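Read the structure below first, then the notes.
The values are calculated or read from the model by the stated rules, or taken from the named source; none is laboratory data. If you're wondering where the values come from, they're calculated on a predicted model, not measured in any experiment. All Cβ positions, even for glycine, are placed from backbone atoms using ideal geometry, and neighbour counts span all protein chains on display. Heavy atoms of the whole protein, side chains included, go into the accessibility calculation; ligands, DNA and RNA do not. Shrake-Rupley method; radii C 1.70, N 1.55, O 1.52, S 1.80 Å.
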Amino acid sequence: MELRREVASHTFASVIGAQREGIMNAVAAITRERAREFGIEVIDVRIKRADLPREVQASVFARMQAEREREAKRYRSEGEEEAAKLRAETDKQRTIILADAEQKAQKLRGEGDAAAAQIYAQAYGQDSEFYSFVRSLQAYEQFLGKRSTLLLSADSALFRYLGRSQPGREEKLPQNEER
């Protein structure tokens, strides 16, 4: 009876937690005095099992479950926050790396274009007529499609170049042109 009264005056958490020893000592002291009247000596009082009434048990478990879910949500939100920070940092590094790579690519393209221009200039300086012929072919290639038909007059520059390149054929230039 004394045990029930003392346990009822405390929360369930304190009965099964750190205050349990103090509650047991208080119950043992009261029980010793009452039992002395009957010639009984009480040495110790302990709780063998602490069960909740059935109607309270469901609400306690629901509260415990809600508490665990609240902690889980907190951990998830902290994890998502950390993940967002990591994603932002990685995106920043990615942008920096891509910008650096693009800068280096532009520099290399510029150097390549400069080298190509120098080679073209040297080639033009060695044989300007051949260079002119190659540039004409490149121009034709640019504006003509794969299946295009082109009609040229017999005195066009292209025919003049092609006529010179055939072996065994004498070079015939128009009478007003010199070699």
Quiz item: Hey, does the stretch 96-114 have a residue that's under 30 Å from R20 (Cα atoms) and open to solvent by less than 70 Å² (accessible area, probe 1.4 Å)?
Solution: no
Quiz item: Here are some residues: E33, E21. Which one is modelled with pLDDT of 70 or more, assigned to a helix (DSSP H, G or I) and under 56 Å from the mean Cα position of the chain (by Cα)?
Solution: E21
Practice problem: Return yes or no: is E41 more than 60 Å from the chain's Cα centre (by Cα), open to solvent by 40 Å² or more (accessible area, probe 1.4 Å) and at pLDDT 70 or above? | Solution: yes
Exercise. Scan the stretch 115-130 for residues that are over 50 Å from the mean Cα position of the chain (by Cα) and open to solvent by 100 Å² or more (accessible area, probe 1.4 Å) and jot them down.
Key: Y124, Q126, F130
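Quick check on the stretch 58-67. Is at least one of its residues over 30 Å from R5 (Cβ atoms) and within 40 Å of the chain's Cα centre (by Cα)?
Taking the stretch 58-67 first, the residues over 30 Å from R5 (Cβ atoms) are 65-66.
Now restrict to residues that are within 40 Å of the chain's Cα centre (by Cα): 65-66.
Yes, because at least one residue in the stretch 58-67 is over 30 Å from R5 (Cβ atoms) and within 40 Å of the chain's Cα centre (by Cα).
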Practice problem: Might you let me know whether the stretch 144-159 holds any residue that is within 50 Å of the chain's Cα centre (by Cα) and in a helix (DSSP H, G or I)? | Solution: no
Practice problem: Within the stretch 60-82, track down each residue that is within 30 Å of A26 (Cα to Cα) and either modelled with pLDDT of 85 or more or open to solvent by less than 60 Å² (accessible area, probe 1.4 Å) (or both). | Solution: V60, R63, M64
